[in-house]
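The values are calculated or read from the model by the stated rules, or taken from the named source; none is laboratory data. Not measured: the values here are computed from a predicted model. Here the Cβ positions follow ideal geometry from the backbone for every residue, glycine too, while neighbour counts run over all protein chains shown. All accessible areas refer to the heavy atoms of the entire protein, side chains included, with ligands and DNA or RNA removed. Shrake-Rupley method; radii C 1.70, N 1.55, O 1.52, S 1.80 Å.
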Amino acid sequence: MVEGALEIYLQQQLGQTISQKDFAQALETAHSFKVPLAHILLDKGLVNEDILGKTVAAYLGVPFVSLKGKTISPDVLALIPEQTARQQHVVVFEKQGNVLSVAMLDPKNVETIEFLKKKTDGTITPFYTLESHLREALNQYKVSLRKEFESIIKENIEQTGHLERDLERAAKELPVIKALDTLLEYAIAEKASDIHIEGIEENVIIRFRIDGVLHDMITLSKELHPALVARVKILSNLKIDEHRLPQDGRFKFSMGDADIAFRVSVIPAFYGENIVMRLLPESERHKTLPELGFSGRNLQVIMNNLGKPHGLVLVTGPTGSGKATTLYSLLNIVNSPEIKICTVEDPIEYGMRRISQIQVNTKTGLTFAEGLRALLRHDPDVIMVGEIRDTETANIAIHSALTGHLVLSTLHTNDAISAIPRFIDLGVESFLVATTVNVIIAQRLVRTICASCKQTITPKPELLAEIAQNVGIDVNELSAHPFYAGAGCSECHHTGYSGRMGIYEVFEIDDDARALITKQVSTAQLAEHAQQKGMSTMMHDGFAKAIAGQTTLDEVYRVARE
């Protein structure tokens, strides 16, 4: 593709969707970061994926195919070997007779099309698809091998019983290396967020956290535990002979063209050391706010406040509610060549283009407060503080917002309104909170319904009554809506769910709210004011997403009930 000509075409075709100012800034960012314009348009949420895909496809003169959530038959996938598909950036998604429908990043590449003709002995119909869609489709090669993974892992790891008892040497032998690599591939294919390796009395249990829920995946012999732990320690540059103290590390793993960072925590336990590995995909772009689940008023309020030159934007919620993901998406929106962005994080989960990121290290005295003080001397326009935990960090963040910086951070509170008294509890004067805080986002994660087994259901009357009371709607009106759930299938481990999205409440601090905060009114009064001004609660947002068929009433009630 000729990028310059495509950029001109996109500007012409998307002129009614994207303002000239936003397009010019996106173009400057793309040239400065040396990445395709399409990536920046998606990163900043300026255009819908399908609209962009169809526009690029029209420029190329081929049809567009969305592979997002599309399940491809293993027989069709197998027409092109995985290695070839990854090298050529293609995937066969449909076969009719001798005609193969092939999704490509560059459907005008004649050499690739001729190569595929010879490889498959078929007629090739090229389609354009987006890079993120292609990556999701390519991961189905591993999913189709799901049943083989357990036997591969056991076959290789059982050979460690014949290795010498020297743990370091055993951990570097092929059986252990291959077993762990296969385990990591298995986790990536299953879209796990965490891998748990836990020793119990008789054996070792491998568990994956998928869509926020832990699943037992594999049980191994107790004798294999030390070699497996030693292998993880070697990869993470940890001390192999340290078994009494917790250790934290990190390593990278590549599967095809996907790079995954693994954040590792090792702790001593009664039956041997336990390991938790968090998967952090590095090659995936950060999701846009609509992809995370923001819409309507919530989305508009956030975008308006990100455009302000100073003030504090807070994201609140318990551990594991997706706060860091939201922060990175917000940073992605404001990230451009003319803005200096600095962050202080614990830990740094994702590296970002042209952003100065500081890793907290309490052993050397580099706390959030110290890191925040240091980065203020680097003349930032935007500051991100991973978490406000103490009075010192809270005061520095507040004063940074007062002195012309846009500050993004997180707090551990149950809802948006509770962030205000939490700041005051940390010793910040109420008038300073009122002056600096622009918007507070509270969030939880709900599982989304599996597209492969989605069906219409009739919820239990008692659940409808409970939710009607929480939402403030007549139960008869509520029961008139259609609701959905997943029946359970092999694609979703028979859970009925696949993937997660956020449910939110967004509290915008207007002049009336500032006056109430300064007077230190109760949270109930603040909540009443916010809802009068249009704020919807997390329960309301979840209810809307259940009606839209994105999640279930049971899931919303489980996550958002008070």
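Among the residues of region 244-268, those that are at negative phi, at pLDDT below 90 and open to solvent by 30 Å² or more (accessible area, probe 1.4 Å) comprise 254, 257, 259. If you go through region 85-106 one residue at a time, do you hit one that is open to solvent by 30 Å² or more (accessible area, probe 1.4 Å), more than 24 Å from residue 285 (Cα to Cα), free of Cβ contacts under 8 Å to residues at least 12 places away in the same chain and of a type in the set (Lys, Arg)? Among the residues of region 85-106, not one is open to solvent by 30 Å² or more (accessible area, probe 1.4 Å), more than 24 Å from residue 285 (Cα to Cα), free of Cβ contacts under 8 Å to residues at least 12 places away in the same chain and of a type in the set (Lys, Arg), which makes the answer no. Each residue in region 223-242 was checked for being at pLDDT below 90 and open to solvent by 60 Å² or more (accessible area, probe 1.4 Å), and 2 pass. Give the number of residues within region 62-84 that are surrounded by 15 or more Cβ atoms within 10 Å (Cβ to Cβ) and without any contact (Cβ under 8 Å) to a residue 12 or more places away in the chain. Going through region 62-84 one residue at a time, the tally reaches 0. In region 155-177, the count of residues that are surrounded by 19 or more Cβ atoms within 10 Å (Cβ to Cβ), modelled with pLDDT of 70 or more, farther than 26 Å from residue 233 by Cα and touching a helix residue (DSSP H, G or I) at 6+ places or on another chain (Cβ under 6 Å) is zero. Of everything listed in (1) in contact with a strand residue (DSSP E or B) (Cβ under 8 Å, 6 or more places away or on another chain); (2) in a loop (DSSP other than H, G, I, E, B); (3) surrounded by fewer than 19 Cβ atoms within 10 Å (Cβ to Cβ), the single unmet condition for residue 536 is (3).
Close Cβ contacts (under 6 Å, 6 or more residues apart or on different chains) running from residues in region 419-441 that are without any contact (Cβ under 8 Å) to a residue 12 or more places away in the chain to residues that are open to solvent by 10 Å² or more (accessible area, probe 1.4 Å) comprise 422/413. Of the numbered criteria (1) touching a Leu at 6+ places or on another chain (Cβ under 8 Å); (2) modelled with pLDDT under 90; (3) open to solvent by 50 Å² or more (accessible area, probe 1.4 Å), the one residue 59 fails is (2). Against the definition (in contact with an Asp or Glu (Cβ under 8 Å, 6 or more places away or on another chain), of a type in the set (Asp, Glu) and open to solvent by less than 20 Å² (accessible area, probe 1.4 Å)), how does residue 505 come out, yes or no? Spelling it out, residue 505 is indeed in contact with an Asp or Glu (Cβ under 8 Å, 6 or more places away or on another chain), of a type in the set (Asp, Glu) and open to solvent by less than 20 Å² (accessible area, probe 1.4 Å). Applying the criterion of being without any contact (Cβ under 8 Å) to a residue 24 or more places away in the chain and hydrophobic (A, V, I, L, M, F, W, C) to the residues of region 107-126, the residue that is least open to solvent (accessible area, probe 1.4 Å) is 113. So, residue 33, is that one in contact with a strand residue (DSSP E or B) (Cβ under 6 Å, 6 or more places away or on another chain) and of a type in the set (Phe, Trp, Tyr) or not? Criteria not met by residue 33. Among the residues of region 111-129, are any under 20 Å from residue 190 (Cα atoms), assigned to a helix (DSSP H, G or I) and not polar (S, T, N, Q)? No, every residue in region 111-129 fails to be under 20 Å from residue 190 (Cα atoms), assigned to a helix (DSSP H, G or I) and not polar (S, T, N, Q).
Note on region 508-529: among residues that are assigned to a helix (DSSP H, G or I) and among the small types (Gly, Ala, Ser), the one that is surrounded by the most Cβ atoms within 10 Å (Cβ to Cβ) is 513. The numbered conditions (1) open to solvent by 50 Å² or more (accessible area, probe 1.4 Å); (2) in a helix (DSSP H, G or I); (3) modelled with pLDDT of 90 or more are all true for residue 550 except (2).
Checking the structure you have, find out if any residue of region 455-471 is among the small types (Gly, Ala, Ser), in contact (Cβ under 8 Å) with a residue 40 or more places away in the chain, within 22 Å of residue 502 (Cα to Cα) and in contact with a helix residue (DSSP H, G or I) (Cβ under 9 Å, 6 or more places away or on another chain). Checked against the condition, which is being among the small types (Gly, Ala, Ser), in contact (Cβ under 8 Å) with a residue 40 or more places away in the chain, within 22 Å of residue 502 (Cα to Cα) and in contact with a helix residue (DSSP H, G or I) (Cβ under 9 Å, 6 or more places away or on another chain), region 455-471 yields no hits at all. Taken over region 197-222, the criterion of being within 21 Å of residue 324 (Cα to Cα) and open to solvent by 20 Å² or more (accessible area, probe 1.4 Å) is satisfied by 209, 211, 212, 213, 214.
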